[in-house]
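Here's the structure we're looking at; comments come further down.
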Amino acid sequence: MALTAQQEADLLSMLDAYKNGEQIDDLPAASMDATDKKIEVFDTKSGSSQCMDLTAAVDMANAPWCGRVWRTDLATPTAATYCGSLEILKNLKDILELGGYLVKNDHSRRKLDPTNHYRFANGETAKLDGSMGHYQWGWGKPFYFARWTQGNLEYEAVSLYPIKGQYNYRIPVGSISATGLAALDRTTDTLVSYINDDVRYRGGNNNANYDGKYNSLLGHCATNRTTAQFAAAAHKNGTGWLAGTMRGAAVVKILVEIIMGTRNVQAALNANKDANGLYQGGFGTGVTNWDWTSWSNHNGNNPILHMSAGVDMADGLGVKEVPVVKADGTTAFTAKVPVFFGLKNFFGYIWRVSEDELAEANADKTMKHWVTPSIYGTYTYGSTAGMVLKSTAPTYPGGWIKRMSYDGLEMWPTEVGGSESTYQGDHYWNSSNISSGFRAVFRGADADGGGRAGCGAVSVNGAVTSADADIGSPLCEFAEEFPLVPEYYAVV
């Protein structure tokens, strides 16, 4: 096809520009003041060339970050897209060194083999019975978390470095019970993360009548203690050891949301990654769908799973189906244990106490949220002395969580009106109908929680002295102080 006169002229002009174009060495030297410089970058996500501030490009290259973006004008719990470095997000599990560890009371830790938690990464045998430390799940590097909003877009991001231009929370190296909940040394009254069938570590409410039977509590997590009792038992391990914490729950929720790209942890399991090679979907129902009466008849609503359930998945991701058997050996209930890179039962199954937070009822039946500013403070559970007031949760009778406050990592419901499959996808229980007094904070829900359970599920129904067969605690530890005040890092 012959070119028009105008097309020929345009081609000649382009050729002339190409021949006379300057090489990079021919360009004038730039000043050292880089604040107003621009460079051209290629966005692999959109496939287009874009303009970027030089300082921002240098920051991203030297301190890469990754995250997910949600649209606040939509009810979906699924992230709209990713942000930051795609490669970092795809490999975040390895970058943060997520997985199983054996941790000693001095916080020294050894990484377990990602394919076999009964040995260390170097091949040596690892024992999970307490003789070599606590069986924990955690992260091997401190990292930063930032959350911000631009228009109707809500960003959540993490990095090994402070994210410039944002308020950052520094997450110290830490861990929580790899089985999701802890055992109790009945001899020393110490909270431990051991998998041990000795009567010394009998789980649940310590009912010895079940020993040797189909509903035995040997090798199960401990329950039926108050938050204060669990906290005192955890502190016996030393400085930096705590019972269930808001802080630990927040880290798990953040990482699940960013890595999986959804706030609905009970979304259907999807073994396939998306077009960008990222994880998608949730972990299904988890251990949440056993009705209260059947559970009560089985063992009085005590824990139903041996703490070894799911250990064979090591640092894997998915669901482990475990049969809960009746006296005749037939299956009474199939527990679908969720596993997040080695962390088992991080929602559902057994309610978790939270020693670093407290609820206080207001006259209008809303709930104030009090948190401990330090993990090293001395606090009396049921008193706000030395605690910091944060957000207020909705009024009686609670409901499906629509909005949560992530400020101070409090993960506190601030608005209801969602559903099982929208917004946060979790439930807030405030059916106690009181207008004054303190309430314990329980997280995650139990085996009777159904679709209401989740990483963000919160109950303030119980008194600070509540202790039941379906309430337990993970063992948490942090190698250093874990403050809840973010620090702003300017773009310079």
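Some observations on this one:
- Region 92-115: number of residues that are open to solvent by 30 Å² or more (accessible area, probe 1.4 Å), touching a residue at least 40 places away in the same chain (Cβ under 8 Å) and either in a loop (DSSP other than H, G, I, E, B) or among the hydrophobic types (A, V, I, L, M, F, W, C) (or both): 7
- Selection within region 219-265 - farther than 25 Å from Leu160 by Cα and not in a loop (DSSP other than H, G, I, E, B): Ala222, Thr223, Thr227, Ala228, Gln229, Phe230, Ala231, Ala232, Ala233, Ala234, His235
- Residue within region 245-255 that is among the polar types (S, T, N, Q) and more than 16 Å from the chain's Cα centre (by Cα) present: no
- Which numbered condition Tyr118 fails, given (1) surrounded by 16 or more Cβ atoms within 10 Å (Cβ to Cβ); (2) assigned to a strand (DSSP E or B): (1)
- Filter result for Ala469 (in contact (Cβ under 8 Å) with a residue 12 or more places away in the chain, buried (at least 19 other Cβ atoms within 10 Å of the Cβ) and in contact with a helix residue (DSSP H, G or I) (Cβ under 7 Å, 6 or more places away or on another chain)): no
- Positions within region 116-126 being over 26 Å from the mean Cα position of the chain (by Cα) and either of a type in the set (Gly, Ala, Ser) or at pLDDT 95 or above (or both), in sequence order: Gly123, Glu124, Thr125
- Within region 221-238, tally of residues that are in contact (Cβ under 8 Å) with a residue 60 or more places away in the chain and within 23 Å of the chain's Cα centre (by Cα): 7
- Qualifying residue in region 287-309 (condition: within 24 Å of Gly456 (Cα to Cα), in contact with a Pro (Cβ under 7 Å, 6 or more places away or on another chain) and not aliphatic (A, V, I, L, M)): no
- A single entry from Glu420, Glu415, Glu410 fulfils the requirement of being touching a residue at least 60 places away in the same chain (Cβ under 8 Å), among the charged types (D, E, K, R), under 30 Å from Asn270 (Cα atoms) and open to solvent by 40 Å² or more (accessible area, probe 1.4 Å): Glu420.
- Applying a threshold of 6 Å to beta carbon distances and a minimum spacing of six or more residues, or different chains, the list of pairs starting in region 346-374 at a residue that is free of Cβ contacts under 8 Å to residues at least 40 places away in the same chain and ending at one that is among the aromatic types (Phe, Trp, Tyr) and surrounded by fewer than 24 Cβ atoms within 10 Å (Cβ to Cβ) reads Thr372/Tyr379.
- Residue list for region 63-91, filter: out of contact with any Lys or Arg (no Cβ under 7 Å at 6 or more places or on another chain) and either among the aromatic types (Phe, Trp, Tyr) or buried (at least 21 other Cβ atoms within 10 Å of the Cβ) (or both): Trp65, Cys66, Gly67, Arg68, Trp70, Leu89
- Selection from region 266-303 of residues that are on the phi > 0 side of the Ramachandran plot and assigned to a strand (DSSP E or B): Gly281
- Check on Thr331, surrounded by fewer than 22 Cβ atoms within 10 Å (Cβ to Cβ), within 30 Å of Gly386 (Cβ to Cβ) and in contact with a Pro (Cβ under 9 Å, 6 or more places away or on another chain): no
- Taking (1) open to solvent by 20 Å² or more (accessible area, probe 1.4 Å); (2) assigned to a loop (DSSP other than H, G, I, E, B) in turn, Trp400 satisfies each apart from (2).
- Out of Tyr381, Tyr406, sole residue that is aromatic (Phe, Trp, Tyr), within 23 Å of Phe478 (Cβ to Cβ) and within 22 Å of the chain's Cα centre (by Cα): Tyr406
- Every pair of residues 6+ apart whose Cβ atoms lie under 9 Å, when the first sits in region 328-345 and is over 15 Å from Gly99 (Cβ atoms) while the second is among the acidic types (Asp, Glu): Thr334/Glu321; Ala335/Glu321; Lys336/Glu321; Val337/Glu321
- Output for region 367-381, where each listed residue is at pLDDT below 95 and in contact with a Ser or Thr (Cβ under 8 Å, 6 or more places away or on another chain): Tyr379
- Members of region 327-353 that are part of a loop (DSSP other than H, G, I, E, B) and in contact with a Ser or Thr (Cβ under 6 Å, 6 or more places away or on another chain): Gly348
- Within the option set Asn264, Asn270, Asn289, being out of contact with any Cys (no Cβ under 6 Å at 6 or more places or on another chain), among the polar types (S, T, N, Q) and either within 25 Å of Lys213 (Cα to Cα) or at pLDDT below 95 (or both) holds for one residue only, Asn289.
- Hits in region 429-458 (condition: of a type in the set (Gly, Ala, Ser), open to solvent by less than 10 Å² (accessible area, probe 1.4 Å) and either closer than 29 Å to Pro142 by Cα or within 20 Å of the chain's Cα centre (by Cα) (or both)): Gly444, Ala445, Ala447, Gly449, Ala453, Gly454, Gly456, Ala457
- Cross-chain or 6+ apart pairs with Cβ under 9 Å, region 189-206 first and at positive phi, then hydrophobic (A, V, I, L, M, F, W, C) and surrounded by fewer than 24 Cβ atoms within 10 Å (Cβ to Cβ): Asp189/Ala232; Asp189/Ala233; Gly204/Ala469
The values are calculated or read from the model by the stated rules, or taken from the named source; none is laboratory data. Because the structure is predicted, anything quoted here is derived from the model rather than measured. Note that we place each Cβ from the backbone using ideal geometry, even for glycine, and neighbour counts take in every protein chain shown. Keep in mind that these areas ignore ligands, DNA and RNA; they rest on the heavy atoms of the full protein, side chains included. Shrake-Rupley method; radii C 1.70, N 1.55, O 1.52, S 1.80 Å.
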